[in-house]
Amino acid sequence: MRLKHFISTKQFANKSDVETFFKETAVVEKRARERLQNTPLSGKILASLFYEPSTRTRFSFEAAMMKLGGGVISTENAAQFSSAAKGETLEDTVRVVGGFADAIVLRHPEEGASGRAARVACVPVVSAGDGAGEHPTQALLDAYTIYKRFGRIDNLSIAFMGDLLYGRTVHSLIYLLPLWRGMRFYCISPTQLGLPKIYREHLAASGTPFKELSSLAQCSKEIDVLYVTRIQTERFTSEKTNAIIKNSYRVDTEVLADMKKDLLLMHPLPRLDEISQEVDDDPRAGYFVQAENGLYIRMALLLSILEEKTNVTWRY
Ligand code: NCD
């Protein structure tokens, strides 16, 4: 049987596969909200191997597994507390951990690490972020949030604002969202932190109109979704660029006043000062609901990769 690894949103070939997955997620969400006892993954084990810090992603994966009746083995900081600290390769660790678990969720600072892990693993590998590469499950929960809010994804205008160079959640969204029709993209960042060429080329090849802008004011009245990202200071050396962004890419009530009444304001979190806390009570602020959706998406994902009862095609 082919293993259902999930390391890139490029694995989805069309929107109907993603929408099938959203429908399965909606069923899982409803059952979870009704607190129906549901333990289909009883006896299965998820290993969470996180070589970088995480709050939402790791906790939601682990909670998802436990809510489905499965167990979790985990190291809080794999770089320090796994044999990586003794010099073991990622490949060897993954081979060994795969012997103890039914699936591995991996976060690693190197781009491409999830692909390397998937090549040697004997159980499904799910990427929880690989350096400045991708963060595919975050993109799924982001798209699910948009889908639930608007009832569609087609024909929406979305602006990505902040660190588009290192922001891996945006990279995975750029592979995912053009599967729907009529999307328009705006990329707002200082030139030093612009979208890498491969993602610009992907947008061009998919026929998605996109514009690179230097300020939100240039598109604020026309967008349906504003997706703000944190400056990825851990991947970043220039204090000067850091300061430029901090001052010019901030959303507060004054900025929001200029935007659509049904805008969806998103952020993968953690936020620093890109979105002022005064905005949290505005009905357009969607980032906490977005984070909660991560639980349901990851429950549906674990079910889909560990059980045969799914209509989703996991291409790898
Ligand atoms: C993101 C990540 O780790 O890439 N966080 C997350 O998983 N929700 C975004 C970030 O760290 O800025």
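Looking across region 39-61, the residues that are among the hydroxyl-bearing types (Ser, Thr, Tyr) and either at pLDDT below 95 or within 16 Å of the ligand (Cβ to nearest atom) (or both) come down to 39, 48, 51, 54, 55, 57, 60. Applying the criterion of being assigned to a helix (DSSP H, G or I) and of a type in the set (S, T, N, Q) to the residues of region 49-82, the residue that is nearest to the chain's Cα centre (by Cα) is 57. With respect to the conditions (1) closer than 20 Å to residue 169 by Cα; (2) modelled with pLDDT of 95 or more, residue 28 lacks only one, and its number is (1).
The values are calculated or read from the model by the stated rules, or taken from the named source; none is laboratory data. Keep in mind the model is a prediction, meaning the values are calculated, not measured. No Cβ is skipped: glycine too gets one built from the backbone with ideal geometry, and neighbour counts run over all protein chains shown.
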